[in-house]
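The values are calculated or read from the model by the stated rules, or taken from the named source; none is laboratory data. As the structure is a prediction and not an experimental result, all values here were calculated from the model. Here the Cβ positions follow ideal geometry from the backbone for every residue, glycine too, while neighbour counts run over all protein chains shown.
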Amino acid sequence: MVCSHGSCDQALRVFKASGEELIAVCSEEVEIIGNVRNLKHRLESLCGMPRFRQRLLKDEEILGDDAGLEPGDFQLLLLHFCKASGQQVRLLGRYARDGEGKRVEEMLMLPQNPDSMGSLGMTPLCLAAQAGHGRVVELLLEASADKNRACGWATPLRVAAQEGHAEIVRRLLEARAETEGCSQARGDTPLGLAANEGHREVVRLLLEAQADSNKGGPVYTPLGLAISSGRPDLQIVRLLLEAGADQSVCGDLQAADMAMVSCRWDIVDLLQSALDDDGDGGVDASPQPTKPMQSNVVEELEGCLEDAATSVSEVRRRADKLGEHVQEVASRVASRAESLISEARGLEKENDFGRRWNEKI
């Protein structure tokens, strides 16, 4: 590697175990790099290994990551993951869940596989993302942990989105985590989960990352999940509509039907306004002639009453339709739940066998 400062004395050189020169830098560049940790970060793009799996030796002595750099020749060794015991795998998961960054870093330096999954049923990255431990998430991403690995329904982005950890969601998106979760994971998308829980900032981040506003889960689309929430957030509904969310939230069920049942007329108005803007049954915006001051008041009142009766009838019709749909959805959900319970029992048997096998080992 050529020094970025042009032709100058090559004060520091790093060699592979084979003797091939990997990098050479000048004195000025050595001062900028500063320590072993930063040098390893530079070497990562050349050797394809994170710093946790690199060892730098000088005069046959392994240097710590915080050690300063001096001119001379260094040797780089690349390590395989250690053969971790069952206890070590469990400990890494627990340290990640509890936010013990220093202990997590120590285990990654063994080097231990960051994707190892113990009895907690999730990868360390999933556990840290769910608990909101940003420092641990950074360490695991630095160790090249799989940001999309599914643990049942859970992926790191899904659990972070559901819990509303906006900064962790931002970091995972920067690391190019899949916005829809991943194809192997069942359940609602990160966007749907965040919308249902009312996490406005997470919804905004996911939409900015081009998350699909219409990709549904087992029952509803993200818009349907936002409205079916215990306390629907008007701004989240607005964000989804601005991102092009379709108002058909589940088959023939319309978002407005759900909002009416919840008596969220502000959301109904917003949905209707969006339809009007799209030109679907919109209101004629042309100027209307002003009625004369002597217009028949009784006639106007009768017209208002007729409109009100029509509105009540429409609400009842939609409510009946929604009731039929809810029964149908409940039946599908119950069937799906039975299937998932059966799968869970199968996994439980497999996990129990694995646990007993580990105990024997």
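Condition check: assigned to a loop (DSSP other than H, G, I, E, B) and either of a type in the set (Val, Ile, Thr) or modelled with pLDDT of 90 or more (or both). Does residue 274 satisfy that?
no
A quick yes/no check of all residues on (1) polar (S, T, N, Q); (2) within 33 Å of the chain's Cα centre (by Cα); (3) surrounded by 13 or more Cβ atoms within 10 Å (Cβ to Cβ); (4) modelled with pLDDT of 95 or more:
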residue	(1), (2), (3), (4)
18	yes, no, no, no
28	no, no, yes, no
31	no, no, no, no
36	no, yes, yes, yes
39	no, yes, yes, yes
43	no, yes, yes, yes
54	yes, yes, yes, yes
57	no, no, yes, yes
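The rows are residues; the columns are (1) among the aliphatic types (A, V, I, L, M); (2) within 20 Å of the chain's Cα centre (by Cα); (3) under 16 Å from residue 37 (Cβ atoms).
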position	(1), (2), (3)
68	no, no, yes
99	no, yes, no
132	no, yes, no
135	no, yes, yes
142	no, yes, yes
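Would you tally the residues in region 125-168 being among the polar types (S, T, N, Q) and touching a residue at least 60 places away in the same chain (Cβ under 8 Å)?
We begin by selecting, within region 125-168, every residue among the polar types (S, T, N, Q); these are 130, 144, 148, 155, 162.
Retained after the next criterion (residues that are touching a residue at least 60 places away in the same chain (Cβ under 8 Å)): 144.
Summing the residues that are among the polar types (S, T, N, Q) and touching a residue at least 60 places away in the same chain (Cβ under 8 Å) in region 125-168 gives 1.
Could you please let me know if residue 161 is touching a Phe, Trp or Tyr at 6+ places or on another chain (Cβ under 6 Å), aliphatic (A, V, I, L, M) and modelled with pLDDT of 95 or more?
So residue 161 does not fit the description; no.
Does any residue in region 42-56 that is within 15 Å of residue 75 (Cβ to Cβ) come within less than 7 Å, Cβ to Cβ, of a residue that is of a type in the set (Asp, Glu) six or more places away or on a different chain, and which pairs are these?
Within 7 Å, no pair qualifies.
Any residue that is under 15 Å from the mean Cα position of the chain (by Cα) and touching a residue at least 12 places away in the same chain (Cβ under 8 Å) - is there at least one of those in region 221-234?
For region 221-234, residues under 15 Å from the mean Cα position of the chain (by Cα) and touching a residue at least 12 places away in the same chain (Cβ under 8 Å): present.
Restricting to region 222-263, what's the tally of residues that are at pLDDT below 90 and among the basic types (Lys, Arg)?
Count: 1.
Condition check ((1) out of contact with any Ser or Thr (no Cβ under 9 Å at 6 or more places or on another chain); (2) among the hydrophobic types (A, V, I, L, M, F, W, C); (3) buried (at least 16 other Cβ atoms within 10 Å of the Cβ)) across all residues:
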residue: 73; (1), (2), (3): yes, no, no
residue: 84; (1), (2), (3): no, yes, yes
residue: 98; (1), (2), (3): yes, no, no
residue: 101; (1), (2), (3): yes, no, yes
residue: 104; (1), (2), (3): yes, yes, yes
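Any idea how many residues of region 174-185 are at pLDDT below 95 and either touching a strand residue (DSSP E or B) at 6+ places or on another chain (Cβ under 8 Å) or not in a loop (DSSP other than H, G, I, E, B) (or both)?
1
Quick one: what pairs do we get from region 81-105, first residue at pLDDT 95 or above, second assigned to a helix (DSSP H, G or I) and of a type in the set (Lys, Arg), C-beta under 8 Å, 6+ apart or different chains?
Close Cβ pairs satisfying both conditions: 81/53; 91/103; 95/103; 99/135; 101/135.
Which condition number does residue 69 fail, the rest of (1) touching a strand residue (DSSP E or B) at 6+ places or on another chain (Cβ under 9 Å); (2) without any contact (Cβ under 8 Å) to a residue 24 or more places away in the chain being met?
Result: residue 69 fails condition (2) only.
When residues of region 242-261 are filtered for being buried (at least 19 other Cβ atoms within 10 Å of the Cβ) and closer than 10 Å to residue 214 by Cα, how many remain?
Of the residues in that region, 4 qualify.
Quick check on region 186-200: of everything there that is touching a Lys or Arg at 6+ places or on another chain (Cβ under 9 Å) and crowded, with 20+ Cβ neighbours inside 10 Å, which residue is modelled with the lowest pLDDT? Explain how you work it out, then say what you get.
First, pick out the residues of region 186-200 that are touching a Lys or Arg at 6+ places or on another chain (Cβ under 9 Å): 187-194, 198.
Right, trim to crowded, with 20+ Cβ neighbours inside 10 Å and you get 188-194.
On the way: 188: 90, 189: 93, 190: 95, 191: 96, 192: 95, 193: 95, 194: 97.
Among them, the one singled out is 188.
Working carefully through the options 171, 149, find the one that is at pLDDT below 95, of a type outside the set (A, V, I, L, M, F, W, C) and over 25 Å from residue 260 (Cβ atoms).
Selected residue: 149, the only one of 171, 149 that is at pLDDT below 95, of a type outside the set (A, V, I, L, M, F, W, C) and over 25 Å from residue 260 (Cβ atoms).
From the list 92, 108, 79, which residue is surrounded by 19 or more Cβ atoms within 10 Å (Cβ to Cβ), over 20 Å from the mean Cα position of the chain (by Cα) and more than 19 Å from residue 159 (Cβ to Cβ)?
Exactly one of 92, 108, 79 is surrounded by 19 or more Cβ atoms within 10 Å (Cβ to Cβ), over 20 Å from the mean Cα position of the chain (by Cα) and more than 19 Å from residue 159 (Cβ to Cβ), namely 108.
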